[in-house]
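Colleague: Please find one structure pasted underneath; my questions will follow.
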Amino acid sequence: MSDSKKRKSTTTPATYAIVIAVALLAGFGTVYWLSTPSDNRWDAPDGAGSAAEPTPGGAGSKGAGSLKGLNSGAMTAFVVRSVPLDLPDFAFEGPGGRKQTSADLKGKVVLLNIWATWCVPCREEMPQLNALQSELGGDTFEVVAINIDKSGAEKAKKFLAETGASDLKPYYDPTGKLFAKLKAVGMPTTLLLDPEGKEMGRLVGPANWAAPEAKALIQAAIGASERSAK
């Protein structure tokens, strides 16, 4: 084996973490996303130590329930949590600047998307999230796209209008703390939450949320929540 191949084989998650940190220090706005499935393994929220390791790429594990095997195609990078994970409490603002917390999201399946106006992949992804909300949104499911810009709500509203996201309610985190609190490692980051507010899985980077695989994933999560409520 050549020296170059040996050097490649010794790359570790810690090495990538250092690169990410350096990039963030150089300028947060320059880091849009890190979308390989292996990246998702490193961002487990608080309490993940008690759960089995998530399984990317279409292979679920015991405890994954009805989402098992649905992370394929357009959802290949979606990591199914083998056990739904507790998330830390967090706060944000809703339409009209109304103060909300993570407790307000409970009671339905939520696709929580963290985005920013300077994120190019977010601009490409927003119409797809809007299409998903338009088709499946209601009492049992909602796309909650939270903007983390510090430049004010008006800029985010303009972004939603420009991308045709008329079915998405405007949500904001003007403090910018949500990104770190949910241990996101790239932009956009999207979490799928069950009606108890627990993380069923996440996807780092952009995805085609209007694809059939995305709809199947969400419908399975809705179906599971409806069955557990009976």
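Colleague: Hey, does the stretch 204-223 have a residue that's part of a strand (DSSP E or B) and either more than 24 Å from Ala77 (Cα to Cα) or of a type in the set (D, E, K, R) (or both)?
Modeller: Start the filter on the stretch 204-223 by keeping residues that are part of a strand (DSSP E or B), which leaves 204.
Next, from what is left, pick out any that are either more than 24 Å from Ala77 (Cα to Cα) or of a type in the set (D, E, K, R) (or both): none.
So far as the stretch 204-223 goes, no, none of its residues is part of a strand (DSSP E or B) and either more than 24 Å from Ala77 (Cα to Cα) or of a type in the set (D, E, K, R) (or both).
Colleague: May I pose another question? Looking at the stretch 138-157 only, could you name the residues that are open to solvent by less than 30 Å² (accessible area, probe 1.4 Å) and farther than 20 Å from Pro121 by Cβ?
Modeller: The first filter runs over the stretch 138-157 and keeps only residues open to solvent by less than 30 Å² (accessible area, probe 1.4 Å), leaving 141-149, 156.
Of everything in the stretch 138-157, those that are open to solvent by less than 30 Å² (accessible area, probe 1.4 Å) and farther than 20 Å from Pro121 by Cβ turn out to be Phe141, Glu142.
Colleague: So, in the stretch 92-110, of the ones that are at pLDDT 95 or above and assigned to a helix (DSSP H, G or I), which residue ends up farthest from Lys157 (Cα to Cα)?
Modeller: Within the stretch 92-110, the match that is farthest from Lys157 (Cα to Cα) is Ala103.
Colleague: Could you please give the count of residues in the stretch 82-99 that are surrounded by 12 or more Cβ atoms within 10 Å (Cβ to Cβ) and either aliphatic (A, V, I, L, M) or free of Cβ contacts under 8 Å to residues at least 24 places away in the same chain (or both)?
Modeller: Step one: of the stretch 82-99, the residues surrounded by 12 or more Cβ atoms within 10 Å (Cβ to Cβ) are 82-87, 90-95.
Add one more test, that the residue is either aliphatic (A, V, I, L, M) or free of Cβ contacts under 8 Å to residues at least 24 places away in the same chain (or both), and what stays is 83, 85, 87, 91.
Of the residues in that region, 4 qualify.
Colleague: Within the stretch 111-144, how many residues turn out to be part of a strand (DSSP E or B) and among the acidic types (Asp, Glu)? Steps first, please.
Modeller: Initial filter on the stretch 111-144 (part of a strand (DSSP E or B)): 111-115, 141-144.
Now restrict to residues that are among the acidic types (Asp, Glu): 142.
Going through the stretch 111-144 one residue at a time, the tally reaches 1.
Colleague: Here's a follow-up. Would you be able to say whether some residue in the stretch 153-172 is acidic (Asp, Glu), out of contact with any Leu (no Cβ under 9 Å at 6 or more places or on another chain) and in contact (Cβ under 8 Å) with a residue 40 or more places away in the chain?
Modeller: The answer is no, given that none of the residues of the stretch 153-172 is acidic (Asp, Glu), out of contact with any Leu (no Cβ under 9 Å at 6 or more places or on another chain) and in contact (Cβ under 8 Å) with a residue 40 or more places away in the chain.
The values are calculated or read from the model by the stated rules, or taken from the named source; none is laboratory data. Not measured: the values here are computed from a predicted model. Cβ sites come from the backbone with ideal geometry, for glycine too, and all protein chains shown count toward neighbours. Side chains included, ligands, DNA and RNA excluded: accessible areas come from the protein's heavy atoms. Shrake-Rupley method; radii C 1.70, N 1.55, O 1.52, S 1.80 Å.
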